[in-house]
Amino acid sequence: MFQLTLRRRGISDQAVLRTMEEVPREVFVELRDRADAYRDSALAIACGQTISQPFVVAYMTEQLQLQKGHRVLEIGTGSGYQAAILSRLSKQVLTIERYRTLAEGARKRLEKLGYFNIEVLVGDGFDVPAGAGDFDRIMVTAAMEQIPDALIRRLEPGGILIAPVGPHQAVQTLVRVVRTGSGFDRKELVDVRFVPALPGIAREL
Ligand code: SAH
């Protein structure tokens, strides 16, 4: 059923569909929502944040055209679900979350499931540590009013970034940026709604 819904909505990449089928979303949602884990809707998680709708997870993943050798950066760990999906299709995932509570929860969940190629970092996605290096793929899962140049510059040549861009508390547009030989290609994809990307590490837990 889950795969069928995603297919019907236009997801066609077999590897993405298979991964969506393999990663148990019920482990990433709140206990009270387990029965709804495979419905195509976003759900509330701790710290006033949300786990994205499965279609949006699949769509953004498909747009990244991941390969097994890729190093991936995710900004906005939340539950860790999107990081889990990315990790099955790449070599290594670094995911950054500004809420310690969410980061620790995600880390435990991912370890339990045996997804060992994911590093969860408490930090600010607007200020990715230089020591983390550059990335083949970058996915932002919180709405940015604009994509910082410093973030785009973390793409390796040929790299792809995808991010929801637009005003907070309103509709945003998914934007895909490809680093080409001569510069950057930017394309607007579809409208989405994400929780805002906020600067700094969250003061509350
Ligand atoms: N990808 C997540 C859902 C993301 S919700 C999942 O699969 O469950 C967006 C997340 O981005 C929230 O947890 C929010 O706290 C985080 N976030 C917002 N601004 C951030 C920033 N500057 N740096 C890191 N994380 C941020």
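Data overview
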{"quantity": "Subset of the range 44-72 (residues that are part of a strand (DSSP E or B) and more than 12 Å from residue 195 (Cα to Cα))", "calculated": "71, 72"}
{"quantity": "Tally of residues being more than 15 Å from the ligand (Cβ to nearest atom) and of a type outside the set (Lys, Arg) across the range 168-205", "calculated": "16"}
{"quantity": "Some residue of the range 75-93 being more than 15 Å from the chain's Cα centre (by Cα) and either farther than 23 Å from residue 190 by Cα or among the charged types (D, E, K, R) (or both)", "calculated": "yes"}
{"quantity": "Hits in the range 94-119 (condition: more than 15 Å from the chain's Cα centre (by Cα) and among the acidic types (Asp, Glu))", "calculated": "104, 111"}
{"quantity": "Subset of the range 80-126 [in a helix (DSSP H, G or I), surrounded by fewer than 20 Cβ atoms within 10 Å (Cβ to Cβ) and within 12 Å of the ligand (Cβ to nearest atom)]", "calculated": "100, 101, 109"}
{"quantity": "Total residues in the range 24-43, condition in a loop (DSSP other than H, G, I, E, B) and of a type in the set (Asp, Glu)", "calculated": "2"}
{"quantity": "Residues of the range 127-154 satisfying the condition of being in contact with an Asp or Glu (Cβ under 7 Å, 6 or more places away or on another chain) and farther than 24 Å from residue 47 by Cβ", "calculated": "134, 135, 136, 154"}
{"quantity": "Residue check, residue 144 near the ligand (Cβ under 9 Å from one of its atoms), closer than 17 Å to residue 66 by Cα and touching a residue at least 40 places away in the same chain (Cβ under 8 Å)", "calculated": "no"}
{"quantity": "In the range 190-205, the residues that are over 18 Å from residue 126 (Cβ atoms) and part of a strand (DSSP E or B)", "calculated": "190, 191, 192"}
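Every residue, every condition in (1) surrounded by fewer than 16 Cβ atoms within 10 Å (Cβ to Cβ); (2) in contact with a strand residue (DSSP E or B) (Cβ under 9 Å, 6 or more places away or on another chain); (3) without any contact (Cβ under 8 Å) to a residue 60 or more places away in the chain, yes or no:
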position: 152; (1), (2), (3): no, yes, yes
position: 158; (1), (2), (3): yes, yes, yes
position: 161; (1), (2), (3): no, yes, yes
position: 165; (1), (2), (3): no, yes, yes
position: 172; (1), (2), (3): no, yes, yes
position: 182; (1), (2), (3): yes, no, yes
position: 188; (1), (2), (3): yes, yes, yes
position: 203; (1), (2), (3): yes, no, yes
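Values in this text are rule-based calculations from the coordinates and carry no lab data. Keep in mind the model is a prediction, meaning the values are calculated, not measured. Glycine gets a Cβ as well: all are built from the backbone with ideal geometry, and neighbour counts include every protein chain shown.
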